[in-house]
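As C-alpha cells, the structure follows; a few thoughts come after it.
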C-alpha cells in the first residue's frame, strides 16, 4: 500500500473498487480517491481488496504503487493537438479535442464510408473500455476495422487453446490451485510475472503439494521447485510428447475421460511412438534436472 504526496493536501472523498491492469491475474484494488480544492479527483492510495477472490487483499509491488503511477510527473493533463502533420503538438482542452476528433471522423465516414476508419486499441484497457471501443467502432461508426495489440502476444496462445482444449481460455480456475497435489509450470516465471498467483500456489506447496518447473532459464520460480527440468530452448513439446508417451505406454491414461472429452485420440499412439524417452539421462537433448528445494 502506498500513499501519494497529494494525500497531504487533498480531502478523501470515497473508496473505489477496481481491478489492477498490469497482468492477467486480475487482482482487486481499493483506491482511495480524493477531491482537491480545484475539484480534480485524485487517487491518493491503493490497497488490496480483501474481498476479491483473485488476490484476497494481496498486491505485488506494481499493484501497490498504482497511486504513484497515476501521480507520476510527466503524465498528460490536457490533450495535445497538431494542426499540421509534423508540427509540434499544442496543448488543448480535452473536450475541445474530443469534439474535433469526432468532427474529423464524421467527415471521413461521410466521404469514404465507415470502413475507411480503423481502430487500434490496447490490451491494457479494462473489459468495460474494450466493450465501449467495440460499441463505438461497430455500433456507431459501423466499421469492422478494429484490432487490438493483444493479437500480437496472445493469438498463438488462443489458437493453441482452441486446437487442444476447444476454447480460447484456460480450462481451470484459481480455486483449482487450492486442490492440486502437483503443479507443472512450463515456460512461465510466475514468481516475477504473476506474483500474487504464485504466492497462492506456494501456500499449497507448503501444505505438501509438489512443484515441477520446466524452463531453459533458472528463474525465481525454478528456485522454489521440487524438480527443475532445464530443457533446451524449443524442446518443450518434445518433453510433453515424451511424457504422454510414457503415460500411454504404462497404462496411466484415463480411457473413459478420453472417450468422453476428446477427439482424434486414435491417431495418438502412432504419433507418440516418435517420442520415446532417451535411453539414459545423459543422452543428447535430455533436460538437466535439479531435485530438492531448500526450505526456510
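The values are calculated or read from the model by the stated rules, or taken from the named source; none is laboratory data. Since the structure is predicted, the reported quantities are computational estimates derived from the model, not experimental observations. Ideal geometry is used to build each Cβ from the backbone, glycine not excepted, and the neighbour counts take in all protein chains shown.
Of all residues in the range 219-233, those satisfying the criterion of being modelled with pLDDT of 95 or more and assigned to a loop (DSSP other than H, G, I, E, B) are 219, 220, 221, 225, 226.
For residue 57, the conditions (1) surrounded by fewer than 16 Cβ atoms within 10 Å (Cβ to Cβ); (2) at negative phi are fulfilled apart from (2).
Has the range 67-82 got any residue that is surrounded by 12 or more Cβ atoms within 10 Å (Cβ to Cβ), at pLDDT 90 or above and closer than 30 Å to residue 199 by Cβ? Spell out how you get there, then give the answer.
Start the filter on the range 67-82 by keeping residues that are surrounded by 12 or more Cβ atoms within 10 Å (Cβ to Cβ), which leaves 67-71, 78-79, 81.
Those left that are additionally at pLDDT 90 or above: 67-68, 78-79, 81.
Cutting the leftovers down to closer than 30 Å to residue 199 by Cβ gives us 67-68.
Taking every residue of the range 67-82 in turn, at least one turns out to be surrounded by 12 or more Cβ atoms within 10 Å (Cβ to Cβ), at pLDDT 90 or above and closer than 30 Å to residue 199 by Cβ.
Annotation for the range 154-173: no member residue is surrounded by 12 or more Cβ atoms within 10 Å (Cβ to Cβ) and part of a strand (DSSP E or B).
Take residue 25 and tell me if it is under 31 Å from the mean Cα position of the chain (by Cα) and surrounded by fewer than 16 Cβ atoms within 10 Å (Cβ to Cβ). Steps first, answer last, please.
Values: under 31 Å from the mean Cα position of the chain (by Cα): yes; surrounded by fewer than 16 Cβ atoms within 10 Å (Cβ to Cβ): no.
Answer is no for this residue.
Can we say residue 86 is under 35 Å from the mean Cα position of the chain (by Cα) and either not in a helix (DSSP H, G or I) or not assigned by TED's automatic domain parsing to the domain that holds residue 25 (or both)? For residue 86, the condition - under 35 Å from the mean Cα position of the chain (by Cα) and either not in a helix (DSSP H, G or I) or not assigned by TED's automatic domain parsing to the domain that holds residue 25 (or both) - is not met. Scanning the range 130-153 for residues that are without any contact (Cβ under 8 Å) to a residue 24 or more places away in the chain and either more than 18 Å from the chain's Cα centre (by Cα) or surrounded by fewer than 13 Cβ atoms within 10 Å (Cβ to Cβ) (or both) gives 131, 132, 133, 134, 135, 136, 137, 138, 139, 140, 151, 152.
Looking at the range 256-273, which of its residues are farther than 15 Å from residue 240 by Cβ and either under 34 Å from the mean Cα position of the chain (by Cα) or not in a helix (DSSP H, G or I) (or both)?
Taking the range 256-273 and keeping what is farther than 15 Å from residue 240 by Cβ, we get 256-267, 269-270, 273.
256, 257, 258, 259, 260, 261, 262, 263, 264, 265, 267, 273 - these are the residues of the range 256-273 that are farther than 15 Å from residue 240 by Cβ and either under 34 Å from the mean Cα position of the chain (by Cα) or not in a helix (DSSP H, G or I) (or both).
Take the conditions (1) crowded, with 16+ Cβ neighbours inside 10 Å; (2) at pLDDT 90 or above; (3) not in a helix (DSSP H, G or I); residue 205 misses just one of them, which is (3).
Looking at residue 110, is it more than 24 Å from the chain's Cα centre (by Cα) and either under 27 Å from residue 177 (Cα atoms) or not assigned by TED's automatic domain parsing to the domain that holds residue 191 (or both)? Taking the combined requirement at face value, the residue satisfies it.
Quick grid of which residues meet (1) over 14 Å from residue 29 (Cβ atoms); (2) part of a loop (DSSP other than H, G, I, E, B); (3) touching a residue at least 12 places away in the same chain (Cβ under 8 Å); (4) touching a helix residue (DSSP H, G or I) at 6+ places or on another chain (Cβ under 8 Å):
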| site | (1), (2), (3), (4) |
| --- | --- |
| 42 | yes, no, yes, yes |
| 46 | no, no, yes, yes |
| 53 | no, yes, yes, yes |
| 68 | no, no, yes, no |
| 73 | yes, yes, no, no |
| 76 | yes, yes, no, no |
